[in-house]
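Peer 1: One structure is given below, represented as structure tokens, and several questions about it will come after.
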Amino acid sequence: MCGIVGILGDHEAAPILVEALKRLEYRGYDSAGIATVNDGALDRRRAVGKLVNLADLLVHDPLPGRSGIGHTRWATHGAPSVTNAHPHRSGPVAVVHNGIIENYKALRNELVAKGYSTETETDTETISLLAQSFLDQGLAPRDAAEQTIARLEGAYAVAFLFDGESDLIVAARKGSPLAIGWGDGEMYLGSDAIALAPLTDRITYLEEGDRAVLTRDGAEIWDAAGRVANREVRKVQIDTTQIGKGGYKHFMAKEIAEQPAVLADALAHYLNEDGLTLPADTPDFAEIDRILMVACGTAYYACMTAKYWIEQLAGIPVEVDIASEFRYRNPPIGKNTLSIFVSQSGETADTLAALRHVASESRILSVVNVPESSIARESDIALPIHAGAEIGVASTKAFTCQLLVLMVLALKAARDRGRISDTAFADQLQALRAAPGLVAQALGIADQLESTGEKLAEAQDILFLGRGQMYPLAMEGALKLKEISYIHAEGYASGELKHGPIALIDRNVPVIVMAPQDGLFDKTVSNMQEVMARGGKIVLVTDRKGAATAGDGAWRVIEMPEVPDLVAPLVYAVPAQLLAYYTAVAKGTDVDQPRNLAKSVTVE
């Protein structure tokens with residue numbers, strides 16, 4: 001969610017900070033600000049809304065200085081306002097912070113009792129006030145920051161900038177990611193490597209509990225126990241062209257269109273002429289008797305889809321959990337259980353907390369888009385999805401790449417357990433190899449989807465129906481639609497229609513039916529007829545055979561290519577994504593940065 005940047009440089013910091021913050025816009029935010037030290041004097045500028053508002057403010061009220069910190073805020077404590085925007089300043093110290101300080105009320109009460117006054121509704125102000133109190137006791141800036149960090153409970157990535165200290169930034173992380181960038185006589189700080197991409201390709205990722213002191217000469221890092229920590233400096237290659245829109249109106253449109261290419265790239269990493277090419281330490285599924293899959297949001301629906309594949313192909317029981325609920329029911333973990341965690345960012349707070357909950361009891365496999373992320377580093381094995389940087393808040397290409405990697409795991413599990421013949425295995429590999437081309441064909445029906453989306457924009461409620469592996473996709477389609485169009489949408493298993501949701505059907509409620517011509521098609525059509533009999537408007541998404549069989553009476557028919565059963569969810573994700581996209585465009589909403597949402601949810 002919130003984004004942090006910092007710089008100790010040789011050039012004016014303000015424009016560099018603003019450009020770095022722009023690369024973190026994908027995380028979602030509602031206000032932004034920067035603070036610098038110039039000739040020893042600390043100052044700041046803040047604005048509500050888009051970064052362009054901060055940039056305009058800096059034109060009229062410049063902020064000089066070659067040292068600085070910046071922040072994009074996604075509101076947790078306190079509404080979006082200039083007063084609540086970061087950086088927060090208390091006397092000689094300014095602070096930017098991601099996360100939630102759980103004991104901020106107790107700390108604030110303690111500080112107020114000592115005579116310190118508060119101005120904001122935020123938990124972050126407590127950090128700056130606490131640091132000021134230690135400075136007032138005569139502590140040096142580094143020591144004041146250290147004592148402040150020691151008092152904090154909760155999740156945080158935090159950076160301190162001090163009046164009179166033009167060559168010092170103090171930083172720490174616990175629960176929220178933070179990275180240090182190494183330059184030539186310059187040092188940088190960022191929430192992730194994307195923020196620092198044009199500045200440096202040498203990155204150090206702070207580990208849980210780490211604290212760092214940055215000067216232009218380098219960085220000193222201590223671990224949670226106070227020991228000097230020699231964290232690795234990694235050379236990270238980030239294609240900065242992926243952070244641009246490439247001629248598309250929105251990042252989401254670009255990322256939907258990129259799916260054939262990124263899927264082909266993922267296939268190149270996991271398939272060769274002879275079969276699968278997974279790392280040598282990938283688990284032998286013959287030794288696994290149960291699988292737990294844990295994720296949030298779109299990644300959760302990818303796991304629900306994979307449950308069908310793994311159970312049907314490999315015969316292993318699979319349990320899928322929402323990460324935010326997983327720990328609180330304290331599930332029993334067997335010794336032969338494999339736990340799979342799926343996250344685009346690899347920093348999702350609930351998913352990371354769930355991983356840590358079972359790390360001592362189960363082998364951990366993660367499926368992530370960021371190989372250097374916390375989830376990847378804390379897993380026994382991490383499988384990258386090779387989707388490239390995904391900037392749009394609503395996940396598209398990461399979802400289909402997650403599905404692809406999970407398909408590969410399902411096939412390996414079937415192979416390890418002797419549950420699939422050589423012929424069937426070859427057929428499934430052929431289906432996988434065809435997936436990028438089939439997705440490209442699905443993208444070719446965008447015109448049909450655009451005209452349908454324009455009509456859907458008039459609705460207040462929309463339902464999605466699917467059976468079997470189309471059921472999770474129905475829920476994912478509904479999630480996409482409500483995320484970016486703000487239309488209420490729900491996804492249901494088609495067979496559940498009669499158990500309540502059918503009460504919602506009338507002529508004003510479009511019902512989108514995901515129905516490839518598979519073994520469950522006739523049952524889905526039966527449910528569709530029940531909707532039409534009650535005046536519901538059916539949008540039937542199917543192939544040519546399905547359209548010929550069941551298209552009569554439908555409000556709209558979206559004709560898809562014929563696809564093998566294995567890859568149907570992956571290919572049918574495209575119309576679900578494009579329907580949401582075109583509906584949102586017709587409504588005029590902010591497609592890439594929808595209200596109230598953040599790309600990477602790094603607080604619980």
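The values are calculated or read from the model by the stated rules, or taken from the named source; none is laboratory data. Bear in mind the structure is a predicted one, so any value in this text is a computation, not a measurement. Don't worry about glycine lacking a Cβ; one is built from the backbone with ideal geometry, like all the others, and counts go over all protein chains shown. Note: accessible area is taken over every heavy atom of the protein model, side chains too, but ligands, DNA and RNA are not part of it. Shrake-Rupley method; radii C 1.70, N 1.55, O 1.52, S 1.80 Å.
Peer 1: Let's see if you can work this out: charge +1 on each Lys and Arg Cβ, -1 on each Asp and Glu Cβ, no other charges. What is the dipole magnitude of the chain about its Cα centre, in debye to the nearest 20?
Peer 2: Details: 56 positive and 78 negative charges, 189 e Å.
Its charge dipole is roughly 900 debye.
Peer 1: Then there is this: Tell me, what is the percent relative contact order of the stretch 432-551, built from C-alpha pairs under 8 Å that lie six or more residues apart? Show your work: numbers first, answer last.
Peer 2: On the way: 167 pairs, mean separation 28.1, N = 120.
The normalised contact order for the stretch 432-551 reaches 23 percent.
Peer 1: While we're looking at this one, here's another question. In µm²/s, what is D for the chain at 4 °C and 1.567 mPa s, where D = kT/(6 pi eta Rh) by Stokes-Einstein and Rh is the Kirkwood radius from Cα pairs? Before the final figure, lay out each step's value.
Peer 2: Details: Rh = 25.4 Å.
It comes out at roughly 51 µm²/s.
Peer 1: Answer rounded, prolate or oblate for the stretch 338-432, using the Cα gyration tensor with square roots of eigenvalues a ≥ b ≥ c: rounded when a/c is under 1.5, else prolate when a/b is larger than b/c, else oblate. List each step's numbers first, then the result.
Peer 2: Details: a/c = 3.00, a/b = 1.37, b/c = 2.18.
Oblate, since a/c reaches 1.5 and b/c is not below a/b.
Peer 1: When only DSSP loop residues count, what GluC sites (Glu not before Pro) in the stretch 451-507 have their Cβ near at most 12 other Cβ atoms within 10 Å?
Peer 2: GLU458
Peer 1: Right, another one. Could you state the angle between the C-alpha long axis of helix 422-443 and the longest principal axis of the C-alpha atoms of the chain, as a value from 0 to 90 degrees rounded to the nearest 10?
Peer 2: With rounding to tens, the tilt is 70 degrees.
Peer 1: Rounded to the nearest 500, what is the chain's calculated 222 nm mean residue ellipticity when only DSSP H runs of at least 4 contribute -39500 (n - 2.57) each, over all residues?
Peer 2: -11500 deg cm²/dmol
Peer 1: R0 = 25 Å: FRET efficiency of ALA286 with TYR328, Cβ-based, nearest 0.05? Can you show the working numbers first?
Peer 2: Values: r = 32 Å, r/R0 = 1.30.
After rounding to 0.05, the efficiency reads 0.15.
Peer 1: How many nm is it between the label spots at ASP380 and HIS488, if each spot is 7 Å from the Cα in line with the beta carbon?
Peer 2: It works out to 4.5 nm between the two label points.
Peer 1: Name the shape class, rounded, prolate or oblate, that the alpha-carbon gyration tensor gives for the stretch 31-189, where a ≥ b ≥ c are the square roots of its eigenvalues, rounded holds for a/c under 1.5, and otherwise prolate holds if a/b is larger than b/c and oblate otherwise. Before the final figure, lay out each step's value.
Peer 2: On the way: a/c = 1.42, a/b = 1.18, b/c = 1.20.
Rounded shape, in that the Cα axes give a/c under 1.5.
Peer 1: Additional query: State to the nearest 20 debye the size of the charge dipole of the stretch 20-82 about its Cα centre, where the only charges are +1 on K and R beta carbons and -1 on D and E beta carbons.
Peer 2: On the way: 9 positive and 6 negative charges, 47 e Å.
With Lys and Arg at +1 and Asp and Glu at -1, about 220 debye.
Peer 1: For ASP56 and GLU458 in the same chain, what is the full-extension length gain: residue separation times 0.36 nm, less their Cα-Cα distance, in nm? Don't skip to the answer; put the middle values down first.
Peer 2: Numbers: separation 402, 0.36 × 402 = 144.72 nm, distance 3.59 nm.
Computed gain between ASP56 and GLU458 is 141.1 nm.
Peer 1: Given 37 °C and 0.692 mPa s, how large is the Stokes-Einstein diffusion coefficient of the stretch 164-312 in µm²/s, with Rh as the Kirkwood radius over Cα pairs?
Peer 2: 169 µm²/s
Peer 1: Here's a follow-up. Counting Lys +1, Arg +1, Asp -1, Glu -1, what net charge surrounds MET293 among other residues with beta carbon under 9 Å of its beta carbon?
Peer 2: On the way: positive: LYS307; negative: GLU319, ASP321.
Every neighbour counted, the sum reads -1.
Peer 1: Can you check what the net charge comes to around VAL563, using other residues whose Cβ is under 11 Å from the Cβ of VAL563 (Lys, Arg +1; Asp, Glu -1)?
Peer 2: Details: positive: none; negative: ASP518, ASP543, GLU562, ASP565.
Net of charged neighbours comes to -4.
Peer 1: How large is ³J(HN,Hα), in whole Hz, for each residue of the stretch 554-568 in order, when computed from phi with the Karplus curve 6.51 cos²θ - 1.76 cosθ + 1.60 and θ = phi - 60°, using x for Gly and Pro?
Peer 2: The phi angles translate into 6, 5, 9, 10, 9, 8, 9, x, 6, 10, x, 4, 4, 9, 4 Hz.
Peer 1: Same structure, new question: Over 20 Å between C-alpha atoms is what I'm after, so list which of LYS174/LYS480; LYS249/LYS480; LYS397/LYS480; LYS249/LYS537; LYS480/LYS545; LYS174/LYS335 land there.
Peer 2: Details: LYS174/LYS480 31 Å; LYS249/LYS480 18 Å; LYS397/LYS480 13 Å; LYS249/LYS537 30 Å; LYS480/LYS545 27 Å; LYS174/LYS335 29 Å.
Checking Cα-Cα distances, LYS174/LYS480; LYS249/LYS537; LYS480/LYS545; LYS174/LYS335 exceed 20 Å.
Peer 1: OK, next. Find which of ALA349, ALA197, TRP555 sits farthest along the positive direction of the dipole of the chain, computed with +1 on the beta-carbon of Lys and Arg, -1 on that of Asp and Glu, about the Cα centre.
Peer 2: With unit charges placed on the Cβ atoms, the residue in question is TRP555.
Peer 1: Taking the Cα centre of the stretch 1-97 as the origin and placing charges on Cβ (Lys, Arg +1; Asp, Glu -1), which of LEU58, VAL5, TYR29 is farthest toward the positive end of the dipole?
Peer 2: So the residue we want is TYR29.
Peer 1: Over 10 Å intervals from 0, what percent of Cα-Cα pairs in the stretch 318-364 sits in each interval?
Peer 2: It works out to 26, 63, 11, in whole percents.
Peer 1: Something else now. If you take the square roots of the eigenvalues of the alpha-carbon gyration tensor of the stretch 1-84 and sort them as a ≥ b ≥ c, do you get rounded (a/c under 1.5), prolate (a/b over b/c) or oblate? List each step's numbers first, then the result.
Peer 2: Numbers: a/c = 1.80, a/b = 1.57, b/c = 1.15.
Cα axes put the stretch 1-84 in the prolate bin.
Peer 1: So what is the relative contact order of the stretch 370-507, in percent, for Cα pairs below 8 Å that sit 6 or more residues apart? Write out the running numbers ahead of the final one.
Peer 2: Details: 92 pairs, mean separation 20.3, N = 138.
Reported relative contact order: 15 percent.
Peer 1: Identify all aspartates and glutamates with a Cα-Cα distance to LYS254 below 18 Å; exclude those on the same chain that are fewer than 8 residues away in sequence.
Peer 2: LYS254 reaches GLU25, ASP239, ASP265, GLU390, ASP447, GLU450, GLU483, ASP590, ASP592.
Peer 1: Relative contact order for the chain: what percent, with Cα pairs under 8 Å and sequence separation of 6 or more?
Peer 2: Numbers: 1365 pairs, mean separation 73.5, N = 604.
So the answer I get is 12 percent.
Peer 1: Sticking with this one: Mind grabbing the accessible area of HIS269 for me, 1.4 Å probe, Å², rounded to tens?
Peer 2: 90 Å²
Peer 1: Non-local amide H neighbours of GLU562 (under 5 Å, H modeled in plane, Pro and chain starts lacking H): which ones?
Peer 2: Residues meeting the criterion, in which the H sits 1.01 Å from N, are ARG544.
Peer 1: Right, here's the next one. Can you tally the net charge around ASP416? Count Lys and Arg as +1, Asp and Glu as -1, for every other residue whose Cβ sits under 11 Å from the Cβ of ASP416.
Peer 2: Numbers: positive: LYS412, ARG415, ARG417, ARG419; negative: ASP284, GLU287.
Cβ neighbours under 11 Å give a net charge of +2.
Peer 1: Still on this structure, I have one more. Using the Cα centre as the reference, give the magnitude of the dipole from point charges on the C-beta atoms of the stretch 147-276 (Lys, Arg: +1; Asp, Glu: -1; all else neutral), rounded to the nearest 20 debye.
Peer 2: Details: 13 positive and 21 negative charges, 63 e Å.
Roughly 300 debye for the stretch 147-276.
Peer 1: Hey, rough spin-label estimate for GLU102 and GLU361, points 7 angstrom out along Cα→Cβ, what's it come to in nanometres?
Peer 2: Taking the simple label geometry, GLU102 and GLU361 are separated by 1.9 nm.
Peer 1: For labels at ASP184 and MET532 in the simple 7 Å Cα→Cβ model, what's the distance in nm?
Peer 2: 6.9 nm
Peer 1: To the nearest µm²/s, what D does Stokes-Einstein give for the stretch 375-427 at 4 °C and 1.567 mPa s, using the Kirkwood radius over alpha carbon pairs as Rh? Write down the numbers at each step before the final one.
Peer 2: Numbers: Rh = 13.1 Å.
For the chosen part, D equals 99 µm²/s.
Peer 1: Considering the dipole of the chain built from charges on the beta carbon (Lys and Arg +1, Asp and Glu -1) around the Cα centre, which of VAL511, GLY91, MET252 is farthest to its positive end?
Peer 2: VAL511
Peer 1: On the protein heavy atoms, probe 1.4 angstrom, tell me the percent of accessible surface of the chain carried by carbon and sulfur. List each step's numbers first, then the result.
Peer 2: On the way: 10390 of 22460 Å².
Ligands and nucleic acids excluded, carbon and sulfur reach 46 percent.
Peer 1: Can you give the accessible area per residue of the chain, in Å², using a 1.4 Å probe?
Peer 2: Details: 22460 Å² over 604 residues.
Computed with neighbouring chains in place, this is 37 Å² per residue.
Peer 1: Pairing the Cα long axis of helix 124-136 with the longest principal axis of the chain, what angle in degrees results, from 0 to 90 and rounded to the nearest 10?
Peer 2: It is inclined by approximately 20 degrees.
Peer 1: Another one. Angle check, please: helix 51-60 long axis (alpha carbons) against the longest principal axis of the chain (alpha carbons), in degrees 0 to 90, nearest 10.
Peer 2: Helix 51-60 sits roughly 30 degrees off the main axis of the chain.
Peer 1: Could you tell me which trypsin sites (Lys or Arg not before Pro) in the stretch 65-131 are loop residues by DSSP with no more than 16 other beta carbons within 10 angstrom of their beta carbon?
Peer 2: Values: sites: ARG66, ARG73, ARG89, LYS105, ARG108, LYS114; in loops: ARG66, LYS114.
Passing sites in the stretch 65-131 are LYS114.
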